[in-house]
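One structure is given below, encoded as structure tokens.
The values are calculated or read from the model by the stated rules, or taken from the named source; none is laboratory data. The shown structure was predicted, so the numbers you read here are calculated from the model rather than taken from an experiment. Neighbour counts are summed over all protein chains in view; Cβ atoms, including those assigned to glycine, are modelled from backbone coordinates with ideal geometry. Side chains included, ligands, DNA and RNA excluded: accessible areas come from the protein's heavy atoms. Shrake-Rupley method; radii C 1.70, N 1.55, O 1.52, S 1.80 Å.
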Amino acid sequence: MSDTSRLQQQKAFYDLLQHLGSDRNNTIQQQLTQALNLIVRNSGARQGYLEIRGEQGLRIFQSTSMSEDEVASVRENISTGIIGQAISSGEPISTSTAFLDPRFNAMESVREGSIESVICAPFKGAKAKGVVYLQGDSRFDREAGKVKLDAQEFARHIVPFLDQILLEYEQGTAVDPTYILRQRFRLQDVIGSSKALYRVLQAATTVAPLDVNVLINGESGTGKTQIARSIHLNSRRSKHPFAELNCAALQDTLVESELFGTVRGAFNDARDKPGRILAADNGTLFLDEVGELSTSAQTKLLQFLQSSEFYPVGSNVRKKANVRVLYATNKPLEELVQRGRFREDLYFRINTFQIRMPSLADRAEDVLQLAEYFCQIKCAKHGFGNLNLSSELLKYLSTREWPGNIRELDNFIETACIHAIIDKSSTVELQHALAREEGHAVQGLGNTEVASPFLGQAYQDATKTFQKAFLSASLERYDWNVQQAAGDLGLSKSHMYNLINEFELQPQEKH
């Protein structure tokens, strides 16, 4: 490598590590990913793996361009494979074709993976020790000499940053206390790094492998559904279905049909239809807003929980299902029991283990991570390209109150992104958020280039478009609690159900 190239490389390392040391908005995973992507891109490798080892068995790892199975294989064979040898010897290892190299071809992980070119550079700091592992193809092999130097330089430059990470863990001030849990469990769609979220995840991952009932309570919009999904994904039932039913989103007469299924002729227009219980057989059933169940549905649910057997609506043939049931509510079930609106014996049955979801006010430090995440999701959903949230907007988001919690923030970011696109801006500015907050009319409706949902429609059609959007927004605000949404809009519950059916409204997918 020429002196010029070496200086350029060192400057790239220096710039990156300066950024890693100063940017505390990013999680540790994001910072390590940035670092690992740099060495993979700079070396021409195809895949990369970075592992840090601390005291008391602490292991932090990050990978790039590796599947979950490949990462699992690396971690399982780390003590006996190439990485283990590099760590134990303290010397870097390079090989052009590992599965033909006599030093490594007897290793099962090398043979099974037909591993070709490998560069492995161990490092050791004041606290952190570990390894940088790069894997590539023939092109990577032709530059092996350069890659070996790159990996060693990278390891040498990153050690102070890794020492700081371990120091923060020891002092209890880690940037992301959820990090270790994320290495062991499938929590990829649960966003945040607050201590409040850590306590939730710690409880969820502890109870996930235990086949017991879990009651998740908390305000509307706090992410109860996502935690239920995480419990399922980390349980022994994860390869089987996850079915959910929002008990507040259906009329009382329909809840039992959706839950237990129906047979043809049970009532007008009834047809043979399996319910959510059968849909979740051998898997997990999630009952959201369980406090909204009718007395009849509560009785039948209790019978099923006691026997694992049930009758579809209109049938005298008994069905059997092996289902784990998770529950969620935004109402205190104890009060419903005292008021005679919820069966006490059912409450005791489902209340085996409770998880309390914190409001967004109780995990305010997660607001900016969630906002950035929702911005990315909305851009992908609507094909907006890449939008960035301005620093002024981020400051506003961090100081604003969110009574609707995560769902309100989600909807807020989506609308602000739409305003940015209307302005043909690549950055979502504070003005775009304020246009939503203050109910300002969208500027430029007279411009035919602006895609308003009302332009080109007859008056009656435009009115229906507005009604549908308005009703949907109200239902989402109340987590599809039809009674609350109807009360807010001054409508009867039955009329609200008629409108839901008329406009074919359905709950949006939750994050």
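Observations
- Straight-line cross-link partners of Lys493 among the lysines, defined as a Cα under 18 Å from its Cα and at least 8 positions apart when in the same chain: Lys468.
- Accessible area per residue, Å², region 184-260 with all protein chains present, probe 1.4 Å: 39 Å²
- Near Gly261, the amide H atoms lying under 5 Å from its own belong to Gly275, Arg276, Val313; only residues 5 or more places off or on other chains count, and H is placed 1.01 Å from N.
- DSSP bridge pairs, region 234-393: antiparallel proportion in percent, nearest 5: 30 percent
- Region 250-332: radius of gyration over Cα atoms, expressed as a fraction of 2.2 N^0.38 Å: 1.05
- Area projected by the alpha carbon convex hull of region 258-395, averaged over all directions, nm²: 12.9 nm²
- Separation of region 176-237 from region 465-490 is 28 Å, based on Cα centroids.
- Under a model in which nothing but the beta-carbon of Lys, Arg (+1) and Asp, Glu (-1) is charged, region 338-433 shows a dipole of about 440 debye around its Cα centre.
- Antiparallel DSSP beta bridges within region 237-316, percent to nearest 5: 25 percent
- Carbon + sulfur, % of accessible area of region 372-414 - ligands and nucleic acids excluded, 1.4 Å: 48 percent
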